[in-house]
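Let me begin by presenting the structure, written as structure tokens, before commenting on it.
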Amino acid sequence: FKKSSTMFSKKVDLGSEDENITDEEDDVIDQVEVDNKVRMSMCRKAVSSEAYGFLHKTEDFKPKIISKTGEQIKRIREILKNSFIFKALDAQEMEIVVGAIEERKVKAGDLVIRQGDMGNDLYIVESGTFECVKENGEKKQFLKEYIAGDVFGELALLYNAPRAATITAKTDAVLWSLDRITFSHIVKDSIREKRMKYENFLKTVKILSTVEPYEMTKIMDAVKPVMFKAGTEIIKEGDEGLDFFLLESGEAYAMKAPEKGMPQVKMMEYQKGNYFGELALLSGAPRAASVFAKVISVLITFID
């Protein structure tokens, strides 16, 4: 996670860099709640209805092309290259998506997605703000606000499930919508492959054990693996903390100076599944220790 991240939804007992650092109040974000059993059911539906269905018959897929100005194409590309969901696409796939995306202008108060409806489009916000609310009987719970560059509506397409929340425009706004068929052919497989690769590993990480399934999908989308050679300094004592790391493979160790001006001594070692760098993010304090790769190691950090 980056310093600005709000992924932590509960207070956690952390002490990987310096056990004497006091706890800080965690950021809290309420996301759409998707029960594990429901989510697994949705996955099974997605596999049965689309993996072998007509949507995945590549020979039948004919990309649609929506006419756009050069300026619109430029803006769309800029938005897509900064979106987690579209980062894994190659150049040809990206061009298909750019061609298929359609502009949609909405007024303040317009309903974009209704909870319980079946979804046919994914939306990318170009301008304006949107409110996401989960309805539980007569009660409405505010979940989050979407702004320029955000993407919503992908879960219903990814899992063939009803919309999990209601999203309404708070201001006049401009959206880009991508249809289900193009999403299924071009985007869905790349998202699934990435999520499947990291899902089981991330579930073994203690700090993520209480994360809701919906939040976990967002974390998986933000994963960024980085390789470090043996002896490489990953984080430096005293530096500002900008990243949080999970050790996917290899080994690392922490070094800390007992007092200012004294040589560093080894404090602890890290194995696969361990994490470090979180305390500086939570407390705002400088890095409490340096961490080095002991052997060639792959660490996971997260795109901001």
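The values are calculated or read from the model by the stated rules, or taken from the named source; none is laboratory data. The structure presented is a predicted model; accordingly, all values stated were derived computationally and were not measured. Because the Cβ atoms are built from the backbone with ideal geometry, glycine has one as well, and the counts that use them run over all protein chains shown. The accessibility values were calculated without ligands, DNA or RNA, using every heavy atom of the protein model including side chains. Shrake-Rupley method; radii C 1.70, N 1.55, O 1.52, S 1.80 Å.
Points worth noting:
- Residues that are surrounded by 13 or more Cβ atoms within 10 Å (Cβ to Cβ), at pLDDT 75 or above and either more than 21 Å from the chain's Cα centre (by Cα) or part of a helix (DSSP H, G or I) (or both) occur in segment 52-62; there is at least one.
- Matching residues in segment 118-148 - criterion: being closer than 14 Å to residue 168 by Cα, part of a loop (DSSP other than H, G, I, E, B) and open to solvent by 60 Å² or more (accessible area, probe 1.4 Å): 147
- In segment 280-299, residue farthest from residue 235 (Cα to Cα) [restricted to those that are in a helix (DSSP H, G or I) and either open to solvent by less than 10 Å² (accessible area, probe 1.4 Å) or of a type in the set (S, T, N, Q) (or both)]: 283
- Residue match in segment 223-239 (condition: open to solvent by less than 70 Å² (accessible area, probe 1.4 Å), touching a helix residue (DSSP H, G or I) at 6+ places or on another chain (Cβ under 6 Å) and modelled with pLDDT under 80): yes
- Residues in segment 149-174 that are open to solvent by 20 Å² or more (accessible area, probe 1.4 Å) and of a type in the set (S, T, N, Q) were compared, and the one that is nearest to residue 221 (Cα to Cα) is 160.
- Within segment 256-278, the set of residues being open to solvent by less than 10 Å² (accessible area, probe 1.4 Å) and not aromatic (Phe, Trp, Tyr) comprises 277, 278.
- All of 207, 191 fail the test of being within 25 Å of residue 94 (Cβ to Cβ) and among the β-branched types (Val, Ile, Thr), apart from 191.
- Qualifying residues in segment 175-209 (those that are assigned to a helix (DSSP H, G or I) and among the polar types (S, T, N, Q)) - the one surrounded by the fewest Cβ atoms within 10 Å (Cβ to Cβ): 200
- The set of residues in segment 71-89 being open to solvent by less than 30 Å² (accessible area, probe 1.4 Å), under 19 Å from residue 302 (Cβ atoms) and either without any contact (Cβ under 8 Å) to a residue 24 or more places away in the chain or not in a helix (DSSP H, G or I) (or both) consists of 83 alone.
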